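The values are calculated or read from the model by the stated rules, or taken from the named source; none is laboratory data. Note that the coordinates shown come from a computational prediction; the quantities given were computed from them, not determined experimentally. So basically every Cβ, Gly included, is an ideal-geometry build from the backbone, and we count neighbours across all protein chains shown.
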Amino acid sequence: MERVRLMSEGNIPCHVAIIMDGNGRWAKKRGLPRLLGHRKGVKALEKTVDHAAAAGVKYLSAYAFSTENWKRSITEVAGLMAIFGRYIGKKTAALKAKHGRIRFAGRRDRLPPSIVRALEAAEESTRDETGLQLILCVDYGGRAEVVDAVKKILASGVDADAVTEDLLSARMYLPDVPDPDLIIRTSGEERLSNFWLWTGAYSELYFTETLWPDFDETALDAALASYAGRQRRMGGRLEA
Ligand code: FPP
């Protein structure tokens, strides 16, 4: 019995990454403003963080705002920024009490300074926590992350011959965070939309029709069960 339990624990992904899609459609179906869908999405994220931590997931990254999301209406962008600020202000202490750590991946030069300050303060105050790491991807784009890494490498004056995959990996936003094992996208859309392009090269993908605000413990369990049943070859071949 014990052995079975230990074996199934081995199939829990270390890093789960989530594209939280479908907030707008969830709201539209109910005749509500889009921002109410995003607010309900915050609740789904809170539930998911707790359940993922209980399941043994060590890193949970959430695609909260992409480098392309600036194209949305001013009202929606401002509303999302307000939601991020409120979430960080209110929830950092609660996460810290559960030994959770908050981190932030994305560009820092275009966000409202108050949001960058809040994110950095949350990072700082939870730096020493050893529980689940919640990585908020805000003004994040996989292509921008690669461009930023290349800029850092050029600025350091490295010889072209010294540029390797390991060097690029070391210049990504969070080089100590393991690559995502599982990327979940909700709402029936099946694409990466510029999420974790470099580190997600060998991630398992899981798509569900569930709209993000409806995502709950059962939905996460279904994604984890799907992952547990997969064999990851990472480009290699398993022996027969
Ligand atoms: C995509 O749904 C969702 C977003 C662009 C925002 C995600 C943000 C949250 C869930 C808020 C919680 C985040 C934090 C960090 C507190 P969509 O608007 O594209 O939905 P649609 O495709 O149905 O229109």
In the range 45-69, how many are within 11 Å of the ligand (Cβ to nearest atom) and either out of contact with any Pro (no Cβ under 9 Å at 6 or more places or on another chain) or over 25 Å from Thr130 (Cβ atoms) (or both)?
-> 11
Which condition number in (1) at pLDDT below 95; (2) within 10 Å of the ligand (Cβ to nearest atom) is the one that Gly89 fails?
-> (2)
Could you list, in sequence order, all residues of the range 201-218 that are within 25 Å of Tyr140 (Cα to Cα) and either out of contact with any strand residue (DSSP E or B) (no Cβ under 6 Å at 6 or more places or on another chain) or of a type in the set (Lys, Arg) (or both)?
-> Ala201, Tyr202, Thr208, Glu209, Thr210, Leu211, Trp212, Pro213, Asp214, Phe215, Asp216
Would the range 89-107 turn up any residue that is polar (S, T, N, Q) and part of a loop (DSSP other than H, G, I, E, B)?
-> no
Helices (runs of 4 or more DSSP H) lying entirely in the range 128-240 (those with 1 or more residues that are of a type in the set (D, E, K, R) and crowded, with 19+ Cβ neighbours inside 10 Å) = 142-155
Pairs, please: C-beta under 7 Å, at least 6 apart or cross-chain, first residue touching a residue at least 24 places away in the same chain (Cβ under 8 Å) and within 19 Å of Phe215 (Cα to Cα) and in the range 170-196, second away from the ligand (no atom under 16 Å from the Cβ) and of a type in the set (S, T, N, Q)?
-> Leu182/Ser203; Ile183/Ser203
Lone unmet requirement of (1) at pLDDT 95 or above; (2) surrounded by fewer than 19 Cβ atoms within 10 Å (Cβ to Cβ); (3) part of a helix (DSSP H, G or I) for Ala27 | (2)
Per the filter on the range 205-220, residues of a type in the set (Ser, Thr, Tyr) and closer than 15 Å to Arg191 by Cβ are Tyr206, Thr208
Residue that is farthest from the ligand (Cβ to nearest atom) [pool: residues in the range 209-220 that are among the charged types (D, E, K, R) and touching a helix residue (DSSP H, G or I) at 6+ places or on another chain (Cβ under 8 Å)] = Glu217
